[in-house]
Every structure is written in C-alpha cells, then in structure tokens.
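Reading through the structure tokens given below for one structure.
The values are calculated or read from the model by the stated rules, or taken from the named source; none is laboratory data. Remember, it's a predicted structure, so these values are computed and weren't measured experimentally. Methodologically, a virtual Cβ is constructed for each residue, glycine included, from the backbone with ideal geometry; neighbour enumeration extends over all protein chains shown.
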C-alpha cells in the first residue's frame, strides 16, 4: 500500500505463492491458504504452445492467435489446476461493471458483455482473461460463495469491485466483513500513465483519490489500480485484502501486457472455483 495510506484494516502485499504443474507456472494467494475447498490461480504467459507475439500460454480467442493453440493452452491450465473444461464458465469482457450470477447449469458457457462472475455452486470454475487489467478474487467462506472480476480503469471508475460485493450480498446473504479479497498482477503505477479523462473518472469513484493517482511530471498522472480498488473495497465493508503487486508491464516476460507490447499480445488466465466435496 502506498506510503500514508491507512484504511484501518488488514492487507498483505506481494505475498503470492508461485507453483508449477506439468511445466505450467501459476500463482496463488497467501490469503486463501488453508481454504482447500476452493481452487484458484493466476497463470502467467509461460508454459503454453502459442507462438510470438502470443508466446506462449495465451487464452484469448479474439487476439489473432491460432485457435488450436488457444484450445491447447486452455487444456494445459485446466490440467495444471485439475479442473474440467466442462465445468468452466467464462465471459466476453467489455470493461464494464456487469456482474453475472452463475450456477452449475451455466458450466461450459461464455456469457456476453460481463466483467465479473459470482457463484455459490460447487463444481463451477470461473475463468477471466487479462493483459494489464486487475484480477479481483473474492471468497466468502461462511456462505461458500466466490467471485472473479476484471477491472481496468473503466471498470474501476464504475466500482466493479463494490458491485461484486453488493451482488454477492444480495444474492447469497454474504457479509462483506467476512469476505477475503485478493487483487492479482496488473499494470502498476510505475508504468500506468494516464490523462485527464481517466483522472476525472477515477477520482469521482474514490474516497481518497490522491492515494491512487499521483503526478507523472509531464501533465499526466500515474494510476494505481491496486490502491484504487482496495480503497473502494474497504469503503464497501471489506476488511481483508491481499494485493499481488506484480506489474505486468515491468514483467512482460512473465505476463502479457497490452501497454508494454503495443496492444499486440495475448491474455493470461485467472481461475477461481469451488471444489466438489470429496
């Protein structure tokens, strides 16, 4: 958390845990350690079969990659996390704040125009795609409910993280105070140079916009997606947040980065699911 930021709550920085299965690396969150009833992962760009500029674990079907390579990459990450293709629910992401509640009947579906998915059904695995935007993981262990979201600056300005929390509360009776949230790798304030349009949109959505937006030095500003979303989450009642502060632009050798690679790149995957009882 940036110097001076103090929400009076609990958070962890840079505590993600790196794993590898079958030559496919991925990260998990320390905050979810001990919750074996859920499966979760942030995958990297490594360990797949796609060729440049999508090398190698690209899971984006709409970026120009060979469809057969994308499907093989999906198979590889499903195998690494031991989830079945038929259990996965995903979405066409549009940088909005629509949250879809999904059930076991939605397994295998691609939902239209959606940037966050929630479920309380065991056996369902949520999957979204990223290349600088922020992965948002939410788990309510008391109710057995999960949520996975995608937040760029537009989604952050639209407070998609709080929309996830309120939808989980309305749909399942979840208490924000009992939710654990983890924010994954994204473009960091070191590399995210933004202009007046973004500053205006974001500043209206934050309790303390100066904690998330800093002068760049040339009339532009830097945006901290982790801090902005953390502020919003704390503002809507969340008490526990882990922030995986790995900048995707600084680490474009490990993650796809739309900005660092000039818009011609792949997408890495984030997955979150509720395991079926043994």
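Of note:
- Within segment 118-125, not a single residue is buried (at least 23 other Cβ atoms within 10 Å of the Cβ) and either at pLDDT below 95 or under 20 Å from residue 243 (Cβ atoms) (or both).
- Among the conditions (1) in contact with a helix residue (DSSP H, G or I) (Cβ under 8 Å, 6 or more places away or on another chain); (2) modelled with pLDDT of 95 or more, residue 204 misses just one, which is (2).
- Residue that is nearest to residue 154 (Cα to Cα), among those in segment 88-106 that are in contact with a strand residue (DSSP E or B) (Cβ under 6 Å, 6 or more places away or on another chain) and free of Cβ contacts under 8 Å to residues at least 24 places away in the same chain: 100
- From the list 102, 89, 94, the lone residue that is modelled with pLDDT of 95 or more and touching a helix residue (DSSP H, G or I) at 6+ places or on another chain (Cβ under 6 Å) is 89.
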